[in-house]
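One structure below.
The values are calculated or read from the model by the stated rules, or taken from the named source; none is laboratory data. This one's a predicted model, so the numbers in the text were calculated from it and none came from an experiment. Every residue, glycine as well, gets a Cβ built from its backbone with ideal geometry; the counts of neighbours run over all protein chains shown.
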Amino acid sequence: MIACAAALVLLLDASASILPPEWRLQLDGHADAIEAIGETVQRGEPVAVAAFAFSEMVQPLVRWRLVRTADDAREVAAQLRAAPRGPALGTEIPHALRVARNAMAEAPCEPEQQVIDLVTDGEAHGPATARERDLAAAEGVRINALGVGREDAADWLRAHAVTPGGFVMHASDWQDFARAIRRKVALEVAGVAR
């Protein structure tokens, strides 16, 4: 199996609190971020990317894809933009983290880093989320998160979801989200986030 810089699982919040225009902003923001890493991967090792929508159910948006070139990045971005949302139910973060952890075993490369990138505007069962976080950390998987909306959304993610060495970012609203997610994914791919 070839080596890669990172295996990156994107978790997009598809719960009922996310309005259709906000879902579109999530898709477009993540797609733009993936396109932006195209030049980065051409100068170094490839990056494996998978994406899931989560509420009480978790639905694949993009199966594992190895991004080696800017064209690969554009193809993944196009697939993400066209992906269906799935059911808009409650916010079930622990289940989403479990699916993302399990997906790491199917990555198409040997990653130097394993990263779960969680985006949400909500909270979930704190102890169950913390258990999944701890299991991820024990497996060498880093969880980074972006909380959208209230400032304390980022505080909750920091306390329950983010692993040691991971980071939390905050977007004040969905309009601010696109800027934040592009920076977040760039940091993850560059491997400079602490």
* Just name the residue that is surrounded by the most Cβ atoms within 10 Å (Cβ to Cβ) out of those in region 99-128 that are in contact with a Leu (Cβ under 8 Å, 6 or more places away or on another chain), closer than 13 Å to residue 141 by Cα and not hydrophobic (A, V, I, L, M, F, W, C). => 117
* List the pairs whose first member sits in region 21-50 and is under 14 Å from residue 117 (Cα atoms), whose second member is outside any helix (DSSP H, G or I) and among the basic types (Lys, Arg), and whose Cβ atoms are under 6 Å apart, counting only residues at least 6 apart or on separate chains? -> 49/65
* Can you tell me which residue among 135, 146 is under 21 Å from residue 16 (Cβ atoms) and in contact with a Lys or Arg (Cβ under 7 Å, 6 or more places away or on another chain)? => 146
* **Residues (under 13 Å from residue 31 (Cα atoms) and surrounded by 23 or more Cβ atoms within 10 Å (Cβ to Cβ)) located in region 68-96** => 73, 76, 77, 80
* Structure fact -> Exactly one of 106, 39 is among the acidic types (Asp, Glu), modelled with pLDDT of 90 or more and at negative phi, and that one is 106
* To do: Look through 47, 9, 62 and report the one residue that is in contact with a Leu (Cβ under 7 Å, 6 or more places away or on another chain), among the β-branched types (Val, Ile, Thr) and either modelled with pLDDT of 95 or more or more than 27 Å from residue 171 (Cα to Cα) (or both).
  => 62
